[in-house]
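The values are calculated or read from the model by the stated rules, or taken from the named source; none is laboratory data. Predicted, not measured: the structure shown is a model, and the values here were computed from it. Cβ sites come from the backbone with ideal geometry, for glycine too, and all protein chains shown count toward neighbours.
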Amino acid sequence: MINAFELQNGRLCQIQIETQADLNHTKPIWIDFDDPGDDERLLAKELFNLTLPDEDDFGDIEASARCFEDASGALQVRSDFLIDKDDESRNVPVAFVLKQDILFSLHEEDLPVFRLLRMRARHQPGYLQDCRDVLLELYATDAEYSADALEGIYEALEAISGRVLKARLTDEAAAEVLAHIAREEDLNGRIRRNMMDTRRAISFLMRRRLLSVEQIEEARQILRDIESLDGHTSFLFEKINFLMDATVGFININQNKIIKIFSVASVAMLPPTLIASIYGMNFQAMPELQWAFGYPLALGLMAASIIAPFWFFRRKGWLK
């Protein structure tokens, strides 16, 4: 799908571009390719002399491969944008190309950051001025979206803290808590990687000296926001590690209780086992073997030897 936009009275408006004639009557500042097919890639080549990058090239983590100037003089930027969903959170790679005062963007699925930017630019005159504003505002909106996701992580961890620290935690509940903690840790890590990627892209744009004075100040503000988000992700990592250790500690305590029960039972059974072993010996000179009350006495000694250790352990509080 191709979504083309131009500025009309200071507002971002969507336009239709299918032929060269359509392009001649418009002045787009942003063309967004959402999961383009072969026909749309061919159209980009014919209308804009632009070869859209392949998805396999999006994920290269080297800075030289993610931010560079190609042979035609166009700026190529690769960035990750966050999608935070209840069932799954992930980073979606996006390719940007700045060419002929037009921002071209390419991604394989729709992104909430892009939808939010389009909504704001449609309703707020003067929100965008040119294609560089679009790119900077996409990064700024992504930082806001990541900040909201961090607030969601904090709220989720607060609920988990209530379960871990204010109630008796069973093994089944602990397993569920660990699954929730793992999800929040994964999302927090994705946000941190996303912010690192955004910082690198903005620094590249500032080094190229393509931004106006106002845009440079906005870029610096985005970098300051990212710095604050980095500090918050570090705090959340510490909180996640604490809750993880606490949950694993409760699991160990529950397991130790089970082992303690078996240990107490083993100790309590030693005296009756000793008595039974003694009277199980096959010696003729054992007076109790001929005594009529020998058998009841042996059973009584065995019962007493069981009750006495349990009473002692209970008095010491070792059975709790």
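Restricting GLU144, GLU227 to those that are among the charged types (D, E, K, R) and over 16 Å from PHE81 (Cα atoms) reduces the list to GLU227. Taking first residues from region 249-278 that are at pLDDT 80 or above and partners that are among the small types (Gly, Ala, Ser), the Cβ contacts under 6 Å between residues at least 6 apart in sequence or on separate chains come to PHE250/ALA174; ILE251/ALA174; PRO271/SER305; PRO272/SER305. Here ALA246 qualifies as part of a helix (DSSP H, G or I), of a type in the set (Gly, Ala, Ser) and either touching a residue at least 24 places away in the same chain (Cβ under 8 Å) or closer than 30 Å to ASP148 by Cα (or both). Being out of contact with any His (no Cβ under 8 Å at 6 or more places or on another chain) and either modelled with pLDDT under 80 or part of a loop (DSSP other than H, G, I, E, B) (or both) holds for only one residue in GLN215, GLN284, GLN221, and it is GLN284.
Suppose the filter is in a helix (DSSP H, G or I), closer than 29 Å to ALA179 by Cβ and out of contact with any strand residue (DSSP E or B) (no Cβ under 8 Å at 6 or more places or on another chain); does ILE261 pass it? Yes, satisfied.
Report yes if LYS99 is closer than 30 Å to HIS180 by Cα and among the basic types (Lys, Arg), otherwise no. No: the conditions fail for LYS99. Do we have THR141 as of a type in the set (S, T, N, Q), surrounded by fewer than 15 Cβ atoms within 10 Å (Cβ to Cβ) and either in the same structural domain as SER89 (by TED's automatic domain parsing) or within 30 Å of MET1 (Cβ to Cβ) (or both) here? No; evaluated as a whole, the condition is false for this residue.
Yes/no matrix, rows are residues, columns are (1) closer than 21 Å to LEU75 by Cα; (2) of a type in the set (Lys, Arg); (3) within 12 Å of the chain's Cα centre (by Cα):
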site	(1), (2), (3)
HIS180	no, no, yes
ARG199	yes, yes, no
LEU205	yes, no, no
LEU211	yes, no, no
GLU214	yes, no, no
ARG220	yes, yes, no
ARG224	no, yes, no
HIS232	no, no, no
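Across region 30-46, the qualifying residues are those that are in contact (Cβ under 8 Å) with a residue 60 or more places away in the chain and in contact with a strand residue (DSSP E or B) (Cβ under 6 Å, 6 or more places away or on another chain), and the one among them that is surrounded by the most Cβ atoms within 10 Å (Cβ to Cβ) is TRP30. Taking region 287-304 as the range and being over 60 Å from the mean Cα position of the chain (by Cα) and either in a helix (DSSP H, G or I) or β-branched (Val, Ile, Thr) (or both) as the test, the residues that pass are PRO287, GLU288, LEU289, GLN290, GLY294, TYR295, PRO296, LEU297, ALA298, LEU299, GLY300, LEU301.
Somewhere in region 90-104, is a residue in contact with an Asp or Glu (Cβ under 8 Å, 6 or more places away or on another chain) and exposed (fewer than 14 other Cβ atoms within 10 Å of the Cβ)? Scanning region 90-104 turns up at least one residue that is in contact with an Asp or Glu (Cβ under 8 Å, 6 or more places away or on another chain) and exposed (fewer than 14 other Cβ atoms within 10 Å of the Cβ). Checked against the criteria, SER263 counts as surrounded by fewer than 16 Cβ atoms within 10 Å (Cβ to Cβ), outside the structural domain of LEU165 (by TED's automatic domain parsing) and at negative phi. Looking across region 81-90, the residues that are closer than 12 Å to TYR145 by Cβ and touching a Lys or Arg at 6+ places or on another chain (Cβ under 8 Å) come down to LEU82, ILE83, SER89. When restricted to residues that are farther than 16 Å from LYS85 by Cα and without any contact (Cβ under 8 Å) to a residue 24 or more places away in the chain, region 155-178 contains 11.
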